[in-house]
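Asks: I am attaching a structure below and will ask some questions about it afterwards.
None of the figures in this text is laboratory data; all of them are computed from the coordinates on show. As the structure is a prediction and not an experimental result, all values here were calculated from the model. All Cβ positions, even for glycine, are placed from backbone atoms using ideal geometry, and neighbour counts span all protein chains on display.
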C-alpha cells in the first residue's frame, strides 16, 4: 500500500519588484516590509504543522520567507536551486510594460505561453522550466515518501505545480490565483499529483497576485 506524500508550497512574501510588476526571475531581490510581515503571518499559520523537511529556492526572497517560517520550530530549510523562478533572460529587471515596449515580438510569444519559446539572453522556455519543476518535485516526493514537506518557491513555479496537479496544459492562460505567502497543498499518491487545497490566505491581510509569473 502506497502512503501519500503531502507538500505545502508557499510563494515567497512580497518584494518591491512584485509591487512594481517587475520581472524578477533569477535576480536576487529581498522581501519588502509587507513581505516580511507576510512571512511571519505564514509562520504563525503553520506553527502547528509538522514537516519532515523544508526546502526553499536559493533566491533571497524565498530564503528569507523560509527562515521566518522555520523559526517557528520547523527543520532548518535546505536551499535547492532547482526551485528557482523561471529565467526570463533579457526581460529580467523590466516591468511587464517595459518588456512589451522594448521586445514586442518576444513579449507576444511570452504572453501566448508558447511552450518552446526561450527568452533571449539565456532565458528558459516554458517547457524546459516545467520539466525542471516536475523533476524536482518527483525527486523530493521519492526522497520523503509518506512524509509532509514544506517548499518555499515562486509564482512561476506554482503555476507549473497547479498544472501538474490538475492535468492542465502549459499553454492556456492562468485561471487560478497565486498570492504572495499563501498556502498551496498537493499530494502524491504513488501514481501522480493531485490538488488538495489552493491559495489559502486566511492568515494574510490581503496578498498580491500580479496575474502573471513574477
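Asks: Starting from residues that are in a loop (DSSP other than H, G, I, E, B) and out of contact with any helix residue (DSSP H, G or I) (no Cβ under 6 Å at 6 or more places or on another chain), keep the ones in segment 77-107 and report whichever is surrounded by the fewest Cβ atoms within 10 Å (Cβ to Cβ). Reasoning before the result, please.
Replies: Within segment 77-107, the first condition is being in a loop (DSSP other than H, G, I, E, B), and the residues that meet it are 77, 80, 84-88, 92-94, 103.
Still in the list and also out of contact with any helix residue (DSSP H, G or I) (no Cβ under 6 Å at 6 or more places or on another chain): 80, 84, 87-88, 92-94, 103.
Numbers: 80: 17, 84: 23, 87: 21, 88: 24, 92: 21, 93: 15, 94: 18, 103: 19.
Result: 93.
Asks: Where the second residue is part of a loop (DSSP other than H, G, I, E, B) and surrounded by fewer than 16 Cβ atoms within 10 Å (Cβ to Cβ) and the first is at negative phi and without any contact (Cβ under 8 Å) to a residue 40 or more places away in the chain and lies in segment 41-53, which pairs have Cβ atoms under 9 Å and are six or more apart or on separate chains?
Replies: 43/71; 43/72; 47/72; 47/73
Asks: Additional query: Name the residues in segment 142-159 that are in contact with a strand residue (DSSP E or B) (Cβ under 9 Å, 6 or more places away or on another chain) and buried (at least 22 other Cβ atoms within 10 Å of the Cβ), would you?
Replies: So the first thing to find is which residues in segment 142-159 are in contact with a strand residue (DSSP E or B) (Cβ under 9 Å, 6 or more places away or on another chain), and the list is 142-155, 157-158.
Across segment 142-159, the qualifying residues are 150, 151, 152, 153, 154, 155, 157, 158.
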